[in-house]
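Shown next, in structure tokens, is the structure this report addresses.
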Amino acid sequence: MTRWTALAGPDTPVPPGAVGGPDLPGSVGGTGATWDATGDEPPTGATEALALTPVRSQAVPLDGRRVKRTLLLTVREGTPAEVVERFEADLTAMPEHITSIRGWALSRVDQARTPSVWTHVWEQEFADVEGLTGEYLMHPYHWTYVDRWFDGEQPGSIVEPRLAHVFRWADGPVLS
């Protein structure tokens with residue numbers, strides 16, 4: 001079984017076996033809706049479906065409705081493996097510092113199965129939008145340890161400027 005993240009048009013019906021919905025205001029770089037699925041085949045009807053290879057994840061209990069955030073990113077070609085591993089370690093350390101992050105998962109895109117410009121998918125669940133747009137994006141750990149990988153004006157940045165930062169409501173756990 002493979003986990004899938006898919007981008008879709010805002011009015012595209014969510015196919016059987018997938019969960020998802022329209023992206024909320026403030027999302028950037030997506031196509032209007034985001035879906036998640038587990039199965040042998042990608043969800044049908046998606047604009048782009050990505051097969052995920054897990055790096056690390058953790059399910060944190062959270063009852064009821066929540067915000068599911070998905071960040072699709074591209075690490076620059078030719079980045080040494082040990083640098084990519086440090087980047088991944090900085091991302092996966094975020095939940096130790098940022099309490100609004102509930103369940104989370106970092107995955108690499110399975111390029112053999114779904115060739116894509118995206119190399120990584122960083123997902124989180126939050127109790128509400130403010131957990132994402134407030135504590136998460138404004139946290140000193142984010143600004144100090146994570147943003148340096150993304151900021152092209154910083155020596156050592158490795159992430160291409162094109163991103164998809166999308167988030168939506170989910171009725172229950174997506175990352176379990």
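Structure data summary
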{"quantity": "Computed log₁₀ I(q)/I(0) - Debye formula, equal Cα scatterers, no solvent, segment 31-77, q 0.18, 0.21, 0.32 Å⁻¹", "calculated": "-0.85, -1.11, -1.35"}
{"quantity": "Translational diffusion coefficient (Stokes-Einstein; Kirkwood radius from C-alpha pairs) of the chain at 10 °C, 1.306 mPa s, in µm²/s", "calculated": "97"}
{"quantity": "Distance in nm between pseudo-label sites at residue 11 and residue 89 (7 Å out along the Cβ direction from Cα)", "calculated": "4.9"}
{"quantity": "Top of 43, 16, 161 by mean-square fluctuation, Gaussian network on the chain, Cα under 10 Å", "calculated": "16"}
{"quantity": "Efficiency of FRET from Cβ geometry, residue 157 and residue 112, R₀ 30 Å, rounded to 0.05", "calculated": "0.65"}
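The numbers here are math on the coordinates, done by the rules we state, and not lab data. Bear in mind that the values here come from a model prediction, so they are computed numbers and not experimental data. Neighbour counts run over all protein chains shown; Cβ positions are idealised from the backbone, glycine included.
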